[in-house]
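Have a look at the structure below before the remarks.
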Amino acid sequence: MGFITDEWISTDVGTGNYTAAKVSLVASRPTSEFSKRHGLVMRLKAEKPVSHDHQFVHFDASDVLHFLVCSLREVAPGLRAEMVSTMLGEISDDELVSALDGEVARRRSR
C-alpha cells in the first residue's frame, strides 16, 4: 500500500469539477523514518513548475512492481523495449544473470 500527501485533494475532485495540473515528476528513494516504518521503497514527487507546489506519492515494493508491470503492458512496443533496455543498463552483470536464471527456471517449470 502506498501513501499520498493531501494538499491538492479537495471536495471538487469527487464531483469531477477539477482540471489537470501540469507537473514535473521526479522519482527517488525515500529515506525518512516514516518510509522505513512502512516499507516504502520509492517516492514520486509531482511539482507544479511555477508555484513549486508539490505532492508526493510513496510506494511500497508491491506497488512499484505492479506499476512496472502495468506500464510495460500498456505502452507501445518501441517504448517498452527502451524501458527494458534502460532498466537492464541500471543493474550489474551479476543481477542480470540472476534475474535471467530465475526467469528461465520459472518458464521451464510451466
Qualifying positions in the range 81-99 - open to solvent by 100 Å² or more (accessible area, probe 1.4 Å) and either farther than 19 Å from MET42 by Cβ or of a type outside the set (Asp, Glu) (or both) | GLU82, ASP93, ASP94
State all residues of the range 28-46 that are under 23 Å from MET83 (Cα atoms) and either open to solvent by less than 40 Å² (accessible area, probe 1.4 Å) or in a strand (DSSP E or B) (or both); if no residue qualifies, say none.
-> SER28, PRO30, LEU40, VAL41, MET42, ARG43, LEU44, LYS45, ALA46
When GLY78 is run through (1) at pLDDT 95 or above; (2) open to solvent by 60 Å² or more (accessible area, probe 1.4 Å), the failure sits at (2)
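The values are calculated or read from the model by the stated rules, or taken from the named source; none is laboratory data. Note that the structure is a prediction, hence the values are computed from the model and not measured. FYI the Cβ positions are ideal-geometry reconstructions off the backbone, even for glycines, and counts take in every protein chain you see. Just the protein is used for accessible areas: all its heavy atoms, side chains included, with ligands, DNA and RNA removed. Shrake-Rupley method; radii C 1.70, N 1.55, O 1.52, S 1.80 Å.
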